[in-house]
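Read-outs: derived from the displayed coordinates by stated rules, not from any lab. Worth saying up front: this structure is predicted, and the values here are computed from it rather than measured. Reconstructed Cβ throughout: ideal geometry from the backbone, glycine too, with neighbour counts over all protein chains shown.
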Amino acid sequence: MEHTQSILQFKETNCTNCYKCVRNCPVKAIRVRSQHAQIMTDLCILCEKCTLVCPQNAKAEQNQVPQIQGLFRTREKVIASVHPAWPAQYADMSFSDLRQALIQLGFSDAFEAAEGAALIKQEYENLLAGGQSSVPSGAGQSRPLVISAQCPVAALLVERYFPELVPSLAPIPSLMQVHAELLKRRFPDARIVYISPCIAPLGELSGEGDPVDYVITFAELAQWLRGRKIGPAGQSGAGADIRPADGGSADSEIHGATQSEPDIRLSRLSAIPGGLSLSMRQDAGYEAIIVHGMENCQHILEEVRQGGYDGYFLELNACSNGCIGGPSFQKQEPRLIRTVTTVKNLSMPDGKTPDYDLDFYPEPIVLPKRKSLREKTAEMEPVSESQIRVVLEQMGKYSKKDEYNCGACGYNTCREKAEAVCRGKAEITMCVPFMRARQESHSRKIIAAIPGLLMTVDYHLDIVSMNKAALDLFDITRKKDLIGKPVSDIMDDYALVNMISFDKKLVQDRVTLPDGRTCLDRVITNDRKNRLIVCMMKDITKEIEQKRQLRKAQAEAVNIADRLMAEQLHMVHRIAGMLGETAADTKVALEELKTTIRQEQEEEE
């Protein structure tokens with residue numbers, strides 16, 4: 001299956017393998033390869049849930065603001081079509097204020113896309129009344145099921161994952177298409193920029209011949225306005241001064257409204273859930289079902305595909321709370337009640353009761369054909385039971401009891417994850433319990449193989465773990481009881497207390513155990529992140545004993561040497577004494593001999 005660059009993608013370098021995007025993707029259109037998430041274009045429905053929940057802000061969607069800025073520099077006429085959800089970003093402002101901010105930004109003019117919603121509402125009224133309907137009906141069915149196609153994400157969900165329901169999708173084009181067509185008729189030489197609460201309308205841009213030239217989101221607009229210091233830049237309205245419009249507002253120019261008249265337009269309701277149904281003149285032949293939120297849309301479509309729901313009109317919106325809860329607004333401070341109230345007050349005289357005579361009345365046009373966001377239905381490669389079983393066993397799932405179905409990998413069940421692995425959408429290493437068990441097993445084997453003594457102690461000075469060598473040293477008969485016990489039960493803990501108290505990184509010391517015989521050299525490290533003290537120890541009892549024995553032997557050798565020296569000196573003295581006596585006798589004899597010889601010589605003379 002080939003996957004090309006999507007409107008929506010992730011920055012690969014930012015991915016941290018948390019799988020939050022996979023968990024939150026309603027259609028599992030995310031593939032993980034080499035520990036990086038990738039959006040699969042042919043499966044994606046552009047709901048943006050993945051990028052909204054990404055803790056690393058790894059969103060890399062298309063941004064067409066630089067291209068629009070290029071148009072401003074060449075002084076081309078650029079018209080903004082503003083989605084009716086604008087109060088979600090600018091509840092404190094009127095549309096006239098927003099229009100002036102857009103003009104200051106460089107736009108030639110700005111109009112409410114709710115104008116197009118007024119035309120769309122009429123088309124739905126005709127469709128549900130049985131006139132000009134292109135929705136096919138089965139035998140004996142006078143009023144078949146009709147599914148609204150105004151939410152591009154919901155429409156794409158039907159096209160991709162519920163293809164059997166595509167004939168029930170209303171053939172009416174999207175709000176962006178209709179309003180852009182209307183603006184193109186008024187300003188044939190203008191470029192049209194659609195300002196949307198989400199990026200899904202980008203999927204409708206097919207190139208040459210499109211009435212819409214560019215799509216940006218309210219979030220991008222707010223950032224752009226802030227960068228230029230032009231208000232309103234968000235709910236606060238902070239920014240530069242906004243000049244009053246020349247010649248009145250866009251609404252007054254087109255619809256003849258004066259500044260004193262209330263600006264009430266019923267079709268602005270399309271920004272909130274059920275707004276389309278509420279703005280239409282009621283038809284007793286159809287029962288409207290309002291559904292918003294992706295999970296709810298999936299559930300009701302699953303139910304509807306079973307059949308038997310003729311006479312129902314399903315108004316679907318993929319975002320909870322409709323377009324005012326779109327992705328552009330989900331990261332800002334929630335002001336749902338305020339926004340809904342603002343939209344209703346701008347749509348109905350009392351904020352509660354529709355007045356069908358208070359609306360936009362644009363010039364009638366022939367509506368274009370509804371564009372399919374993606375022609376290709378999402379195709380899933382078939383996976384055999386044997387393939388699934390092989391992958392499950394590779395993940396350490398040999399039986400049902402091994403399948404925890406924890407969802408940590410992003411998939412609801414281990415089996416669903418195994419199918420994704422078979423299809424190349426996931427990796428076995430995404431199974432957190434399996435990888436944790438494997439890592440712990442490897443860690444235990446490595447620690448057990450370490451010949452030295454290893455012990456971890458928490459910041460409460462209780463023993464957390466010990467390797468076999470440590471357990472054997474500290475009394476193998478108690479090894480089941482040592483874990484969780486105070487470390488002071490087995491050795492002095494002063495160095496550990498000192499390390500925690502003064503936040504030391506490393507301590508080296510020597511300690512003697514309570515038995516008074518065993519001596520350990522310790523290297524103690526402080527694992528601040530996990531709030532653990534790691535003690536690496538070496539039993540030096542034998543070394544110390546050997547040194548003691550050596551010192552004893554050396555002392556004995558010194559004693560022997562001293563004794564021998566003394567004995568030798570004594571003998572020397574004795575020998576010297578004897579030699580002295582002999583020498584004296586010899587001297588006497590020689591003297592006597594000399595005397596005798598002299599006497600003889602004298603007598604002879």
Exercise. When only C-alpha pairs under 8 Å and at least 6 residues apart count, what is the relative contact order of the stretch 488-528, in percent?
Worked result: 37
Problem set entry | Size of charge dipole - the stretch 458-590 - debye, nearest 20, with Cβ of Lys, Arg +1 and Asp, Glu -1, no other charges | 380
Exercise. In whole Å, what is the distance between the alpha-carbon centres of the stretch 524-573 and the stretch 301-371?
Worked result: 89
Exercise. So, counting K/R as plus one and D/E as minus one, what does the shell of residues with Cβ under 13 Å around residue 549 add up to?
Worked result: +2
Seminar exercise, completed: Placing +1 on each Lys and Arg Cβ and -1 on each Asp and Glu Cβ in the stretch 544-584, then taking the dipole about the Cα centre, the residue among 553, 568, 578 whose Cα reaches farthest towards the positive end is 553
Seminar exercise, completed: Normalised per residue, the volume inside the convex hull of the alpha-carbon atoms of the stretch 489-605 in Å³ amounts to 173
For this session: Please report the orientation-averaged projected area of the stretch 288-336, defined via the convex hull of its C-alpha atoms, in nm².
Result: 3.7
Exercise. Angle between the Cα long axis of helix 336-347 and the longest principal axis of the chain, 0 to 90 degrees, nearest 10?
Worked result: 20
For this session: First obtain the Kirkwood hydrodynamic radius of the stretch 14-69 from its Cα pairs, then insert it into the Stokes-Einstein equation at 20 °C and 1.002 mPa s, and state the resulting D in µm² per second as a whole number.
Result: 178
Exercise. D for the stretch 544-584, whole µm²/s, Stokes-Einstein with Kirkwood Rh over alpha-carbon pairs at 37 °C and 0.692 mPa s: what number?
Worked result: 265
For this session: Let me know the whole percent of all Cα-Cα pairs from the stretch 280-384 that are separated by more than 18 Å.
Result: 72
For this session: Quick one: order 488, 277, 501, 347 by neighbouring beta-carbon count within 10 Å, fewest to most.
Result: 501, 488, 277, 347
Exercise. Among all the aspartates and glutamates, which ones have a C-alpha under 13 Å from residue 594's C-alpha, if same-chain residues fewer than 8 places away are not counted?
Worked result: 602
Problem set entry | Label-point gap, in nm, between residue 189 and residue 310 - each point 7 angstrom along Cα→Cβ | 5.5
Problem set entry | Debye equation applied to the C-alpha atoms of the stretch 451-539, log10 I(q)/I(0) at 0.11, 0.15, 0.20, 0.24 Å⁻¹ | -0.26, -0.50, -0.91, -1.35
Problem set entry | Surface/4 estimate of mean projected area, convex hull on alpha-carbon atoms of the stretch 150-226, nm² | 6.0
For this session: Rounded to the nearest 500, what is the 222 nm mean residue ellipticity of the chain from helices alone, with -39500 (n - 2.57) per DSSP H run of 4+ residues and division by all residues?
Result: -12000 deg cm²/dmol
For this session: For residue 384 and residue 352, calculate 0.36 nm times their separation in residues minus their Cα-Cα distance, and state this gained length in nm to one decimal.
Result: 6.0 nm
Problem set entry | Too-long pairs where the Cα-Cα distance tops 31 Å, listed order kept, from 397/445; 397/538; 445/529; 49/417; 49/77; 417/445 | 397/538; 49/77
Exercise. When the label point is put 7 Å from the Cα of residue 223 along its Cα-to-beta-carbon vector, which residues of the stretch 313-334 have a backbone N closer than 17 Å?
Worked result: 327-333
Exercise. Angle, helix 294-304 long axis vs. longest principal axis of the chain, Cα atoms, 0 to 90°, nearest 10?
Worked result: 60
Problem set entry | Rule-of-thumb Rg ratio for the chain [Cα; 2.2 N^0.38 Å; N residues] | 1.80
Seminar exercise, completed: Toy charge model, Lys and Arg Cβ at +1, Asp and Glu Cβ at -1: the chain dipole around Cα centroid in debye, rounded to 20, equals 1180
Exercise. Okay, which of the stretch 307-321 sit inside 18 Å, backbone N to the point 7 Å along the Cα-Cβ direction of residue 287?
Worked result: 307-316
